[in-house]
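The structure appears right after this line, and notes come after that.
The values are calculated or read from the model by the stated rules, or taken from the named source; none is laboratory data. The model shown is predicted, which means the values in this text are computed figures rather than measured ones. Cβ: placed from backbone, ideal geometry, glycine included. Neighbour counts: every protein chain shown. For accessibility, only protein heavy atoms count, side chains too; no ligands or nucleic acids. Shrake-Rupley method; radii C 1.70, N 1.55, O 1.52, S 1.80 Å.
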Amino acid sequence: MSRTNPSTRPRFDSLQQEVFLNLWRTYDRLKQIEDEVFGQEGISAQQYNALRLLQTVHPDSMQTLELGRRLISRAPDITRLLDRLEQLGLLERERRSDNRRVVQVRIVSAGVELLERIHVAVQDSHQRQLGHMSESSLNQLARLLRHARRPHEDLNHPSLLDE
C-alpha cells in the first residue's frame, strides 16, 4: 500500500483558496489591534463605523436602512447594533411622523466626543497595522482589494471605499 508523501501534496486546493485564506488570516491579525482600541471603550469596530458614518451627516440624521448599506461590513441585525449604541447614550433614533416604518438615526454629543477622544488611538492602530508598508505598496494593495471585491458589491450602492 503506497502512501502519499504529505510534503508533495499541495498546501491549498487552488490559488484562489490560498489568497482567500491569506486575506482571512491578515484580517484576523489586524483586527486584534483594532479590538484593543475599541474594547477599551466598550464598542465594536462595526459600532465605531456606524458612529463615524453618522458623524458625516451630523447634526442631521440618516435612515437606518441607508446606514446599514453604508457600513463597511454587513450588519445582519442593525437594530441590535443601534440598540447598544443607544443604551450607551451615543445616538438617538426617531420614527418619522409621515411614515412610522422609517427610522432616523442621529449621533449625539456623547458619540461625537467618543470619536474625538479615540481618534488618535485609532490612527495609531492603523499605523501599527500597516505602517510597515510603503505608500506605493499600500496604494497597490488598495487597488487590488477594490478589484477583488468589485463583482460582489451591490451595484445600486457601491462601497464608499470604491470612490
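Quick notes
- Of all residues in region 125-145, those that are touching a residue at least 24 places away in the same chain (Cβ under 8 Å) and not polar (S, T, N, Q) total 2.
- Being touching a residue at least 12 places away in the same chain (Cβ under 8 Å), open to solvent by 100 Å² or more (accessible area, probe 1.4 Å) and part of a helix (DSSP H, G or I) is a condition met by no residue of region 72-88.
- Flag if Glu18 is under 24 Å from Glu116 (Cα atoms) and either acidic (Asp, Glu) or free of Cβ contacts under 8 Å to residues at least 12 places away in the same chain (or both): no
- Flag for Gln129 being touching a strand residue (DSSP E or B) at 6+ places or on another chain (Cβ under 7 Å), open to solvent by less than 30 Å² (accessible area, probe 1.4 Å) and not aliphatic (A, V, I, L, M): no
- So Pro151, is it open to solvent by 70 Å² or more (accessible area, probe 1.4 Å) and assigned to a loop (DSSP other than H, G, I, E, B): no
- Of all positions in region 48-61, none carries a residue that is in a helix (DSSP H, G or I), without any contact (Cβ under 8 Å) to a residue 40 or more places away in the chain and either open to solvent by 40 Å² or more (accessible area, probe 1.4 Å) or more than 30 Å from Leu23 (Cβ to Cβ) (or both).
- Pair list, Cβ < 7 Å and 6+ apart or interchain, from region 102-113 residues that are under 14 Å from Tyr48 (Cβ atoms) and in contact (Cβ under 8 Å) with a residue 12 or more places away in the chain to residues that are surrounded by 13 or more Cβ atoms within 10 Å (Cβ to Cβ) and not hydrophobic (A, V, I, L, M, F, W, C): Ile107/Gln55; Ile107/His58; Val112/Gln55; Val112/His58
- Residue within region 2-15 that is assigned to a loop (DSSP other than H, G, I, E, B), in contact with an Asp or Glu (Cβ under 8 Å, 6 or more places away or on another chain) and free of Cβ contacts under 8 Å to residues at least 24 places away in the same chain present: yes
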